[in-house]
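The structure appears right after this line, and notes come after that.
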Amino acid sequence: MTAKIIDGKALAERTLAELKTRIAGIPHRPHLTAIQVGENPSSRVYLQRQRASCEEIGIRYTLDELPAQTTQAQLIAHIEKLNAETGVHGVILQMPLPDGLDDSAAQQAVAPEKDVEGMTATNMGGLICGTPNLPPCTAEAAYRIIKSLGLELRGKEVTIVGRSAIVGKPLMLLLLGDSVTPTICHTGTLDLAAHAARADILVAAAGRAGLVTAEMIKPGAVVIDVGINRVPVLGDDGEPVIGENGRKKMRTVGDVDFEAALEVAGMITPVPGGVGPMTVAMLLKNTVASAEMAQKNAKK
């Protein structure tokens, strides 16, 4: 068996095309503002992707770069300033924040209607109540990929490896709306392989390269790999390859042993090119939804 590779990039492109049409019906151009505190090289690629995707479909994008010495009070004040600006529809806080700053408190300071990452208690509560407004982007990206496959989800066994508020918990809540039978696994789970191997749909979101092996996959299962890990490129001798700059060459992989999984799974998302592009698309979808809500409220 050779698994069908799920093209997340193509699905994201279709989503962006739909958003472009929606934006044309909004009088005021949607505006997404990202906040970066201090220098964080690892987030640069994501920021560039955000900007490029926004520009592609007509969303205004602003990056507010705050110094590493920014205090908690100063960060909260900046967020509250953006909350009050009617011309800003979405606020995203780049993680991680420098040491000494409270990530959770900062995220909770974002106004729920501008919380395009879907991480405030209000938006999380909407998921629990079955009325998601602005769901967490990565969880919704994985969910929409699963829904795009056209499967009958009712009663399906779904195992999610990872219990984070970004993916595991909200994805479970989204899938419960389709009457699946979910299992959440984590570092305290006994016999992870047994839980994974009975899943019709297996979601890997633990952030550990190679965690999910072929033996853990039920033959013909759908595998959604949410993990993004940077690992060294190895040469024929099994040693890391050194680049011209004297540093180890790196590549991006997921949580699943992809090549081995291809021989067992029925369908699988690649890394990169799977959940990642859809996560950016969901961020933009939430921004457009926020702009639409602002327009609706302005008419009241």
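The values are calculated or read from the model by the stated rules, or taken from the named source; none is laboratory data. Please read these numbers as outputs of a predicted model, since none were measured by experiment. Using ideal geometry, Cβ is built from the backbone for each residue, glycine included, and neighbour counts are taken over all protein chains shown.
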- Query: Can you name the residue in region 56-81 that is of a type in the set (Val, Ile, Thr) and closer than 16 Å to Thr33 by Cβ and is also surrounded by the most Cβ atoms within 10 Å (Cβ to Cβ) among such residues?
  - Reply: Ile59
- Message: Checking the conditions here, which among Gly100, Gly87 is under 14 Å from Leu32 (Cα atoms) and in a loop (DSSP other than H, G, I, E, B)?
- Response: Gly87
- Message: Of all residues being over 24 Å from Val271 (Cα atoms) and more than 23 Å from the chain's Cα centre (by Cα) in region 173-193, which is surrounded by the most Cβ atoms within 10 Å (Cβ to Cβ)? Just the residue, please.
- Response: Thr189
- Item | Failed condition for Leu16, given (1) part of a helix (DSSP H, G or I); (2) more than 17 Å from the chain's Cα centre (by Cα); (3) crowded, with 16+ Cβ neighbours inside 10 Å | (2)
- Message: Looking at region 156-163, can you tell me whether even one residue there is surrounded by fewer than 19 Cβ atoms within 10 Å (Cβ to Cβ), in contact (Cβ under 8 Å) with a residue 12 or more places away in the chain and among the acidic types (Asp, Glu)?
- Response: yes
- Item | One residue from Ile201, Ile268, Ile217, Ile224 being over 25 Å from Glu13 (Cβ atoms) and of a type in the set (Val, Ile, Thr) | Ile217
- Index of the failed condition, Glu39 passing every other in (1) in the same structural domain as Lys114 (by TED's automatic domain parsing); (2) in a helix (DSSP H, G or I): (2)
- Query: Taking only pairs six or more apart or across chains, which ones have beta-carbon atoms under 7 Å, a first residue in region 114-143 that is on the phi < 0 side of the Ramachandran plot and basic (Lys, Arg), and a second residue that is surrounded by fewer than 24 Cβ atoms within 10 Å (Cβ to Cβ) and assigned to a helix (DSSP H, G or I)?
  - Reply: Lys114/Asn83
